[in-house]
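The values are calculated or read from the model by the stated rules, or taken from the named source; none is laboratory data. Note that this is a predicted model, so its numbers are computed, not measured. Cβ placement follows ideal geometry from the backbone for every residue including glycine, while neighbour counts extend to all protein chains displayed.
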Amino acid sequence: MSERPKILLLDDDQDLLDLYREILSQLPTRPEIFTSSTGPRAIAMLEAEPFTMMVSDLNMPKMDGLQVLSIVRRKWPDLRTVVLTSVLDEQFRSRVYGLGVDLFWQKPGSGEEIKQFLECVESLLGRDAQQGFRGVQSKSLVDIIQLECLSQNSIVLKITNGAHHGRIWIQTGEVIHSSTGELVGEAAFRRILSWKAGNFETLPHEPHQPQTIFNSYQGLLLETAQAQDEANSQAARPAMNGEGNSPMGTLEKVPGAEYVLILRAAPDPTFDAFGLGHPETTAQWGRHLLSQFRGLGDRLQAGPLQAMECLGPRRNVAMAPDQKGDFCVGWAPDQSAGDMQESMKKLMALWGS
């Protein structure tokens, strides 16, 4: 029979300690519950014997909950930590999670809230320490990045996955740089997000870090997820026009090409997309832009549209008509207009071969 988990409750209000002891006693794992009304006393209890979890209030005299949590994170990194507070502030919540807390919870005030709280605590007690990223209960690394970006934070995330280490720089809510091993920029970001488990910690902001990532964090996360999905399903995807000539395989043969969107000719509103997250938005934008420029060409009597190159700080886009429809291709931002013209010819030739 497995050993019962041990929970340490920390709050300066004795009535609340008694209440939460009663609430937590309802857990299916039937944990042993200990209490402390001061931070120093809680630290002494943790040093005296091993605990599975600590549930802490934040607002306490002399040594507050944040001070206790910062000590706990350094001295007992495997201890599950839960903050139970009446303080509701997203910036404050992000700061707490940055300390490595597993769960931030408003003090429950109803039967349903108590039930949900108990379910989350039970999940933490039963969760394998080797799965997921320590710091946010039931959250992935994507969730952690979104939390920091939504809070408009400026920090450095240090991520550890066994022998692998990586860093992601966030400045005022946007990802500006990433590195792991010899990889930097978006390539490093995608590699780090492929890790399924590990630990993370927040480091101070580095204001002079050069920017290597210019995509928005939403676009970055979507495209990374899309790339991972494509990589996972590529082996199962049937070949197109012959063995080894799959859509993603064709993209890989042309350096700098990131995605292809084929817009079928009007009035057919459908399209094919490869390597692109949220293609509906890009398809709508591409059709509108092509319509505008074709209308301009008609007014100027310049003849049919041959090709377009659009240059931007985060991505370049080239468009060209083909018998299959209008090709819209996303390119890395270091591609010049001349480079894109030559690469477009190669890509379309490969696609049609």
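I need the full set of residues from segment 104-126 which are within 22 Å of Ile144 (Cα to Cα), free of Cβ contacts under 8 Å to residues at least 40 places away in the same chain and of a type outside the set (Phe, Trp, Tyr), in order please.
Passing the criteria: Gln106, Gln116, Glu119, Cys120, Ser123.
What are the residues in segment 139-160 that are hydrophobic (A, V, I, L, M, F, W, C) and part of a strand (DSSP E or B), if any?
If the condition is that a residue be hydrophobic (A, V, I, L, M, F, W, C) and part of a strand (DSSP E or B), then Ile155, Val156, Leu157, Ile159 are the ones that fit.
Considering only segment 27-57, state which residues are under 14 Å from Val82 (Cβ atoms) and either part of a loop (DSSP other than H, G, I, E, B) or not assigned by TED's automatic domain parsing to the domain that holds Ser86 (or both).
The answer is Leu27, Pro31, Phe51, Thr52, Asp57.
Starting from residues that are under 17 Å from His288 (Cβ atoms) and surrounded by fewer than 20 Cβ atoms within 10 Å (Cβ to Cβ), keep the ones in segment 310-319 and report whichever is modelled with the lowest pLDDT.
If we take residues in segment 310-319 being under 17 Å from His288 (Cβ atoms) and surrounded by fewer than 20 Cβ atoms within 10 Å (Cβ to Cβ), then Gly312 is modelled with the lowest pLDDT.
Mind listing whichever residues of segment 146-160 are hydrophobic (A, V, I, L, M, F, W, C) and under 26 Å from Pro333 (Cα atoms)?
Matches in segment 146-160: Cys149, Leu150, Ile155, Val156, Leu157.
Could you count how many residues in segment 165-180 are among the polar types (S, T, N, Q), out of contact with any Phe, Trp or Tyr (no Cβ under 8 Å at 6 or more places or on another chain) and at pLDDT 90 or above? Steps first, please.
Initially, segment 165-180 is screened for residues among the polar types (S, T, N, Q), giving 171-172, 178-180.
This time we only want the ones that are out of contact with any Phe, Trp or Tyr (no Cβ under 8 Å at 6 or more places or on another chain), so: 171-172, 179-180.
Then keep just the ones that are at pLDDT 90 or above; that gives 171, 179-180.
So the count comes out to 3.
Taking the criterion of being within 18 Å of Ile213 (Cβ to Cβ) and of a type in the set (S, T, N, Q), would at least one residue in segment 324-337 satisfy it?
Looking through segment 324-337, at least one residue is within 18 Å of Ile213 (Cβ to Cβ) and of a type in the set (S, T, N, Q).
Is one or more of the residues making up segment 215-227 modelled with pLDDT of 75 or more, acidic (Asp, Glu), over 23 Å from Asp334 (Cβ atoms) and within 25 Å of the chain's Cα centre (by Cα)?
No.
State the number of residues belonging to segment 342-353 that are of a type in the set (S, T, N, Q) and surrounded by 15 or more Cβ atoms within 10 Å (Cβ to Cβ).
Matching residues across segment 342-353 total 1.
Does Glu206 satisfy being at pLDDT 70 or above and of a type in the set (D, E, K, R)?
Spelling it out, Glu206 is indeed at pLDDT 70 or above and of a type in the set (D, E, K, R).
I need the full set of residues from segment 161-209 which are out of contact with any strand residue (DSSP E or B) (no Cβ under 7 Å at 6 or more places or on another chain), assigned to a strand (DSSP E or B) and more than 20 Å from Pro333 (Cα to Cα), in order please.
Hit for segment 161-209 is Gln171, nothing else.
Just one of (1) under 16 Å from Ile159 (Cβ atoms); (2) more than 12 Å from the chain's Cα centre (by Cα); (3) at pLDDT 90 or above trips up Phe189, so point out which.
(2) is the only condition that Phe189 fails.
So, of the residues in segment 323-341 that are at pLDDT 75 or above and exposed (fewer than 12 other Cβ atoms within 10 Å of the Cβ), which turns out to be nearest to the chain's Cα centre (by Cα)? Outline the logic, then answer.
The initial filter retains those residues of segment 323-341 that are at pLDDT 75 or above, namely 325-341.
Okay, now just the ones that are also exposed (fewer than 12 other Cβ atoms within 10 Å of the Cβ), so 334, 338.
On the way: Asp334: 25, Gly338: 35 Å.
The qualifying residue nearest to the chain's Cα centre (by Cα) is Asp334.
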